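Everything on this sheet refers to the single structure shown next.
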Amino acid sequence: MKLLLLRHLKSQWNKDDRFAGWVDNPLSDEGRLQAKGIFEQLKNQKIDVAYCNALIRCTETVLRIFEDIPGKYPLFLHIDGGKMQKWGNFEGTDMGEIPFYVTEKLNERYYGSIQGLNKAKTKEKHGEVLVQEWRRSFNGKPAGGESLKDVCKRVDSFFKKYIEKDLKQNKNILVVASHNSLRAMVKYIENIPDEDIVNLELPFGALVEYEYSDGKFMNLHFKK
């Protein structure tokens, strides 16, 4: 089975160099243009089920990519309170639907007091080292915000309950999410030590591909 992890395309606040966090903002013009390249990588992939976080930049990424894939289209189905709602019957259909289960559990890190601020100005005020710790380390976090450890707690639980379960049922999975929720996922899959996770960066539109067999992940393919 395959597990595909896709970081959303560049949003307007990403372009403006602001901490987006949980704030909804649309894709930038650059991000929309990126969709063509992702389409080329996904158009021939067999996807049985998909997961997406609840932020507009992620759902718009899905829509932009799939508008060019003939015979395929996404259905957004929300997971409410951690429970999968039975919105319809999608098993064994041949009508082109790909169910995207939407959940806040896969949202970006919440940035607390710095959410919405310009990144460069925040570095000037607090220092580049501290801001980098807030953004990339395992335990560091801005006032009122989440650490990557906090993100891992909600992502890992969701991953084991839904995504890993689907892989064990021989389904190919696509996950479209944000930088830190995907870093949390990669950390779990590859068992990356807490002190080494600071080095993991996934650019906008990055696609990470794993093969899953006999309860193990293997053959990492990272595509920019």
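The values are calculated or read from the model by the stated rules, or taken from the named source; none is laboratory data. The structure presented is a predicted model; accordingly, all values stated were derived computationally and were not measured. Cβ atoms come from the backbone with ideal geometry, glycine included; neighbour counts cover every protein chain shown.
Annotations for the structure displayed:
- Inter-residue pairs, beta-carbon under 7 Å, first over 24 Å from K72 (Cα atoms) and in region 18-46, second among the aromatic types (F, W, Y) and not in a helix (DSSP H, G or I), 6+ apart: F19/Y111; G21/Y110; G21/Y111; W22/Y110
- Among the conditions (1) modelled with pLDDT of 95 or more; (2) surrounded by 18 or more Cβ atoms within 10 Å (Cβ to Cβ); (3) within 24 Å of Q12 (Cβ to Cβ), K121 misses just one, which is (2).
- For D48: the one exception among (1) buried (at least 20 other Cβ atoms within 10 Å of the Cβ); (2) modelled with pLDDT under 95; (3) of a type outside the set (V, I, T): (1)
- Near pairs, Cβ below 6 angstrom, 6+ apart or cross-chain, from region 48-61 (under 15 Å from F204 (Cα atoms)) to any residue that is part of a strand (DSSP E or B) and polar (S, T, N, Q): R57/S11
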